[in-house]
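Peer 1: Before I ask anything, let me first share the structure, which is written out below as structure tokens.
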Protein chains: 2
Amino acid sequence: MTSTRATLSQVAERAGVSLASTSRALHGTGASREMVERVRAAAAELGYSVDAVGRSLRMKKTFQVAFAVADIGNPVYVEMMRAIHEVLAPHGYRVVVMTTGDTTTSTVELVHSLNSGFVDGMVISPLRTDDWLIREIQQAPVPVVVIGRALDDHGISSVSTDSAGGIGQAVGHLRAIGRGRIGFVNGPLDTTPGEARQRGFDAAVRGVGAEVAEDFTVAAGLVAARRLLTRELDAVVAANDLLAIGVIHAARELGLRVPEDVAVTGMDDTEIGRVFYPSLTSVSLGSTERGRAAADLMLRLAEGAEQEAQQVVVGPTLIVRESTVRSGQ
Amino acid sequence: MTSTRATLSQVAERAGVSLASTSRALHGTGASREMVERVRAAAAELGYSVDAVGRSLRMKKTFQVAFAVADIGNPVYVEMMRAIHEVLAPHGYRVVVMTTGDTTTSTVELVHSLNSGFVDGMVISPLRTDDWLIREIQQAPVPVVVIGRALDDHGISSVSTDSAGGIGQAVGHLRAIGRGRIGFVNGPLDTTPGEARQRGFDAAVRGVGAEVAEDFTVAAGLVAARRLLTRELDAVVAANDLLAIGVIHAARELGLRVPEDVAVTGMDDTEIGRVFYPSLTSVSLGSTERGRAAADLMLRLAEGAEQEAQQVVVGPTLIVRESTVRSGQ
């Protein structure tokens, strides 16, 4: 008698509410009483399997997924978060955003906190991924998907990108527009992005100099760029958009025009870079695509449709704007 | 035999770890096994009351506090979040950030989800606060502190500001620098900030026009400003920094110089406004102070030190930068 079972979508349609609301109402995770009654009535009419609901309750599903990032103020994470939300919300999951803190210890503590069972899984984008963190992730009681380093050999699902190759694209563009004296402003070298981007720069060009900012922020980029711009150069590759904005501010202090005197590239293709003046030439690392891929992996793991760890790699794309090529207007 | 009890701080000092880690280790909310053993040893040496720990466990404290906002991409919320984190972290609480969604229904559902017991309290900054939401907050099983409308008469702790008065400060500044034809770009009027800021503008000046953007974003501000700038004016008050950036982009499209032809003010004094070019004159509504005040209220409620609802009001402060007064350099 299990044939022609009603689906969740059919219940949602009958109740006249969203899939997410239907799922939450049936699972008792945060719907109003009115909503619960309406959805249960629709489920009863359609003979929607109560078993499925019972199973979820026994599993103590929370229908919450954590997204943990190093710096909630970095717009690249905002775009990832939106993409994760868009994938998970129709399935009834809420996304809760948490900070990993700056250190491996705080990141490990956060992963360890999954034991308290407040979420069904975690998507995490750590700045640094060492053996300690990898061990903690392997032992986590719920699925964890990493956005950052590829972790093929550790049995952990991950979404990575090729930021070294992306820096190569930025350098190639600067050479193509005739810039030959190229400097680099990077973030901390002991981080996953800092290491990869330095490698990419060193492989692409014999630069006229490189400075390491204390952090991947505008303020730190400004300080590092003041040092870098004492050298004679006609272009600066910055390791992300926030650093690039710091570089442009330093150039303005020195009376240098961007892009005429110094062309500047960023990385991450963020909203702040797009609305900045001049708008930033930037290497997109597909933050939306990476967020979406991580959420897809999480969904399959959380719903038990997938057991094996999987790896996804999203490639870089250069987007040319005013900070390297002045528009004709 | 309860005299001269050791405090949590003394345990932390003896264990040589932070207060937050000590608290988490003792409460079993996300410390590594190594950390738990170390802290328990220190607690045992000092005779730290195990009762206190037992009490917390019986209370099923999660040592998590939710911060719920309408748009996680708005930098004003990032600053509040940092302030909340700074107040709560030393007491062992994690902050989890959630989105309210755009509608009252989604906001109500979020407050209702507190019944699942995943946090000890919630700081919420809703775009709209109607009776339905107020009732849901009053019935919440854990403390809720609202950043937004003052809710004195409803027995709800709230942190509010005077954004109408802040718009008045922006208009006063524009007049003081000789601008007489002032337009306004606001966000949706059915929101708490939209309503207050419109009221502030109408009270301060007989403007040459006002346009309502679809949302409090750069993109929506650009569209609204294209309409507004068809009028002859020499200044625009924008209802927040993101809208102000949209206004400046619209002015550039029309070949208008900022601030020479059109002076532009924002509101919220955000990081993006500070690093923008030209940097934004903006009315600070004390996002850091409001976040800190809300977290203080939450802490007192969550720890049972306070039962009564309290109200805090943080005043506005105008900060003058390049978008209204070109610097001498």
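The values are calculated or read from the model by the stated rules, or taken from the named source; none is laboratory data. Everything numeric in this text was worked out from a predicted model, so none of it was measured. For neighbour counting, all protein chains shown are included, and Cβ atoms are generated from backbone atoms with ideal geometry for every residue, glycine included.
Peer 1: Evaluate segment A:168-188: report whether one residue or more is modelled with pLDDT under 95, surrounded by fewer than 21 Cβ atoms within 10 Å (Cβ to Cβ) and within 20 Å of the chain's Cα centre (by Cα).
Peer 2: No; the residues of segment A:168-188 include none that is modelled with pLDDT under 95, surrounded by fewer than 21 Cβ atoms within 10 Å (Cβ to Cβ) and within 20 Å of the chain's Cα centre (by Cα).
Peer 1: Follow-up. Only one of these conditions is not met by B:Thr191: (1) out of contact with any strand residue (DSSP E or B) (no Cβ under 9 Å at 6 or more places or on another chain); (2) away from chain A (no Cβ under 14 Å); (3) on the phi > 0 side of the Ramachandran plot. Which number is it?
Peer 2: (3)
Peer 1: Also, I was wondering about something else. Can you tell me which residue within segment B:104-129, out of those that are part of a loop (DSSP other than H, G, I, E, B) and of a type in the set (A, V, I, L, M, F, W, C), is nearest to the other protein chains (Cβ to nearest Cβ)? Reasoning before the result, please.
Peer 2: First, pick out the residues of segment B:104-129 that are part of a loop (DSSP other than H, G, I, E, B): B:117-120, B:126-129.
Among the residues that remain, those that are also of a type in the set (A, V, I, L, M, F, W, C) are: B:118-119, B:127.
On the way: B:Phe118: 5, B:Val119: 8, B:Leu127: 17 Å.
Step by step, filter segment B:104-129, then rank; the result is B:Phe118.
Peer 1: Pick out the one residue from A:Gly101, A:Gly73, A:Gly92 that is on the phi > 0 side of the Ramachandran plot and facing chain B (nearest Cβ under 10 Å).
Peer 2: A:Gly101
Peer 1: From the residues in segment B:38-70 that are under 30 Å from B:Ser106 (Cα atoms) and modelled with pLDDT under 85, which one is farthest from the other protein chains (Cβ to nearest Cβ)?
Peer 2: Among them, the one singled out is B:Met59.
Peer 1: Tell me which residues, restricted to segment A:114-137, are small (Gly, Ala, Ser) and either buried (at least 24 other Cβ atoms within 10 Å of the Cβ) or at pLDDT 90 or above (or both). It would help to see each step written out before you state the result.
Peer 2: In the first step, residues of segment A:114-137 are kept if they are small (Gly, Ala, Ser); the result is A:116-117, A:121, A:125.
Matches in segment A:114-137: A:Gly121, A:Ser125.
Peer 1: Can you tell me which residue within segment A:296-312, out of those that are of a type in the set (Gly, Ala, Ser) and in contact (Cβ under 8 Å) with a residue 40 or more places away in the chain, is surrounded by the most Cβ atoms within 10 Å (Cβ to Cβ)? Talk me through it step by step, then tell me what you get.
Peer 2: The initial filter retains those residues of segment A:296-312 that are of a type in the set (Gly, Ala, Ser), namely A:302, A:304-305, A:309.
Now restrict to residues that are in contact (Cβ under 8 Å) with a residue 40 or more places away in the chain: A:302, A:309.
On the way: A:Ala302: 22, A:Ala309: 20.
The extreme case among them is A:Ala302.
Per-residue answers, yes or no, for (1) closer than 30 Å to B:Val142 by Cα; (2) buried (at least 24 other Cβ atoms within 10 Å of the Cβ); (3) among the hydrophobic types (A, V, I, L, M, F, W, C); (4) out of contact with any strand residue (DSSP E or B) (no Cβ under 8 Å at 6 or more places or on another chain):
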site: B:Val236; (1), (2), (3), (4): no, yes, yes, no
site: B:Ile272; (1), (2), (3), (4): no, yes, yes, yes
site: B:Val275; (1), (2), (3), (4): no, no, yes, yes
site: B:Glu289; (1), (2), (3), (4): yes, no, no, no
site: B:Ala294; (1), (2), (3), (4): yes, yes, yes, no
site: B:Leu318; (1), (2), (3), (4): no, no, yes, no
site: B:Arg321; (1), (2), (3), (4): no, no, no, no
site: B:Thr324; (1), (2), (3), (4): no, yes, no, no
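Peer 1: Could you go through segment B:277-292 and let me know if any residue there is away from chain A (no Cβ under 14 Å), touching a Leu at 6+ places or on another chain (Cβ under 7 Å) and farther than 20 Å from B:Gly180 by Cα. Before you say what the answer is, go through the steps one by one.
Peer 2: Step one: list which residues in segment B:277-292 are away from chain A (no Cβ under 14 Å), which gives B:281-286, B:289-290, B:292.
With the extra rule that they be touching a Leu at 6+ places or on another chain (Cβ under 7 Å), the set shrinks to B:283.
Checking which are farther than 20 Å from B:Gly180 by Cα leaves us with none.
Among the residues of segment B:277-292, not one is away from chain A (no Cβ under 14 Å), touching a Leu at 6+ places or on another chain (Cβ under 7 Å) and farther than 20 Å from B:Gly180 by Cα, which makes the answer no.
Peer 1: Can you tell me which residues in segment B:8-37 are at negative phi and modelled with pLDDT under 70? Explain how you work it out, then say what you get.
Peer 2: If we filter segment B:8-37 for residues that are at negative phi, which is where we start, we get B:8-15, B:17-27, B:29, B:31-37.
Scanning segment B:8-37 gives B:His27, B:Thr29, B:Ala31.
Peer 1: Here is a follow-up. Any chance segment A:224-243 includes a residue that's at pLDDT below 95, small (Gly, Ala, Ser) and over 25 Å from the mean Cα position of the chain (by Cα)?
Peer 2: No, segment A:224-243 has no match at all.
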